[in-house]
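Read the structure below first, then the notes.
The values are calculated or read from the model by the stated rules, or taken from the named source; none is laboratory data. In this text the structure is predicted, and so the values were computed from the model without any measurement. Here Cβ is always computed from backbone atoms with ideal geometry, including for glycine, and neighbour counts include all displayed protein chains. Accessible surface is based on the protein model in full, side chains and every heavy atom, while ligands, DNA and RNA are left aside. Shrake-Rupley method; radii C 1.70, N 1.55, O 1.52, S 1.80 Å.
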Amino acid sequence: MSPAPFTYEPVGATRDDPAFCPPGFHPLLVRTRLGEGEEVFRRAAEAVLTWEMHRALGVGIDAGADRAAPGVDVTVTLAALVKAPCRIVWTVEEPRRAGWAYGTLAGHPECGEESFVVDRTGDGTVWLTVAAFSRAAKWYAKAGGPATRGLQHAYARRCGTVLRKLCAGLPEA
């Protein structure tokens, strides 16, 4: 049996251009400063790659693996009511950049792709970038209109806040 198809095109587009947004979709791009230094980068990268950041947000994560990897199916549960099936479309683990993106599958309230990437810039500053393009797929997401997009932006900002807290107390440098 072949895996369920993605509900959108172009799959993987957030990898090379986090600001990419195909026609008919809504963009999301939220960047949060986490701190500075190699230890902050390593801690943040590990928290993103192992679902720790998402679990610390209070969302349910049912993943087919302990760590993000292409092809891994993930169901995100919000408020114990909304189930959002996704599949990891790409991952990156480099000395200064780590993260992944998932794409939506049938049953997800939205249609599109979202990435979570931690990077360490040349000056040592560590950032989380949450990037996405999406459009409503379920009736309740459509009915929410701009409020639904507002919730997506709030979720992305909360990812940065939670990840910064997970990295708090680590030495900066």
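The table for this structure:
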| quantity | calculated |
| --- | --- |
| Solvent-accessible area per residue for the chain (1.4 angstrom probe, square angstrom) | 49 |
| Highest-MSF residue in the chain out of F41, F25, F116 [GNM, Cα springs under 10 Å] | F25 |
| Length added when fully stretched, T161-A4, from 0.36 nm per residue minus Cα-Cα | 53.2 nm |
| In Hz, Karplus ³J(HN,Hα) per residue of region 137-149 (6.51, -1.76, 1.60; θ = phi - 60°; x = Gly, Pro) | 10, 9, 4, 6, 5, 5, 5, x, x, x, 5, 4, 5 |
| Percentage relative contact order, the chain, counting C-alpha pairs under 8 Å, at least six apart | 31 |
| Computed FRET value (nearest 0.05) for E93 with A143, which takes r as the C-beta separation and R₀ as 30 Å | 0.15 |
| Shape call, the chain: gyration tensor on alpha carbons, a/c limit 1.5 | prolate |
| FRET efficiency estimate (nearest 0.05) - Cβ-Cβ, E46 to T77, R0 35 angstrom | 0.95 |
| 13 Å beta-carbon shell around R87, net charge (K/R +1, D/E -1) | -4 |
| Between 0 and 90°, nearest 10: helix 38-49 axis offset from the chain longest Cα axis | 20 |
| Sequence-distant residues sharing a close amide H with G35 (under 5 Å, placed H) | V126 |
| Pairwise centroid distance, computed over Cα atoms, of region 51-73 with region 114-173, Å | 15 |
| Spin-label model distance (nm) - R33 vs D17, 7 Å beyond Cα toward Cβ | 2.9 |
| Highest-first arrangement of 7-19, 119-131, where packing means the average Cβ count within 10 Å | 119-131, 7-19 |
| Whole-Hz couplings from phi, Karplus 6.51/-1.76/1.60, listed for region 54-62; x for Gly and Pro | 5, 5, 5, 6, x, 8, x, 10, 10 |
| Global form of region 1-75, assessed from the alpha-carbon gyration tensor, a/c cut-off 1.5 | oblate |
